[in-house]
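Take a look at the structure set out below.
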Amino acid sequence: MATDDRPLETSDSAEALLAALRQLDREGRLEIRIEPRHLGHIDSPVASEADGNIWIYAALAVAAALWLWQGLIPGLAVLAAGVGVYLTLGRRYVHRRIERRVREKALGSIETWRKLWRFPGLTLSAKDRPGLADCASPDGNWMAFVRALS
């Protein structure tokens, strides 16, 4: 039960609580920690297979062109270099895109937020209330967390 004796699930609409969550994030009172490794799952509403594929296709295209022009060994060397570039720069790019989608897409739609909350990888943390325990998806109650922070 909330402090005003209303049940946690019915005291405010989910849409209003999501709007409050957006506001708390904009005000800097809330930190949303995002673990893109978990949220990059193909079924996640903020994942996009195309983000990673553009790096793979580019490496394959350059490797194939070099293989036809210079031979197999240079083509394989460029392919190996492409894998290295993806594992460093490409993954960071994909992670930034997932973080951006969480803030732009998921925080803008209750349906998307609910789908996203079913995945591990999100943690809500109160910046100005150190005594308030963090709330992590999928087991945490984000609505109760927002009510407690508001």
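The values are calculated or read from the model by the stated rules, or taken from the named source; none is laboratory data. All of these numbers come straight from a predicted model, not from anything done at the bench. Positions of Cβ are generated from backbone atoms using ideal geometry, with glycine treated the same way; all protein chains shown enter the neighbour counts.
General remarks:
- Residues within the stretch 105-140 that are under 21 Å from Glu27 (Cα atoms) and either at pLDDT below 90 or not acidic (Asp, Glu) (or both), tallied: 21
- Residue count, the stretch 44-66 (criterion: touching a helix residue (DSSP H, G or I) at 6+ places or on another chain (Cβ under 9 Å) and without any contact (Cβ under 8 Å) to a residue 60 or more places away in the chain): 15
- The set of residues in the stretch 123-147 that are assigned to a strand (DSSP E or B) and out of contact with any Pro (no Cβ under 9 Å at 6 or more places or on another chain) comprises Thr123, Leu124, Ser125, Ala126, Cys135.
- For Gly52, the conditions (1) crowded, with 16+ Cβ neighbours inside 10 Å; (2) at pLDDT 90 or above are fulfilled apart from (2).
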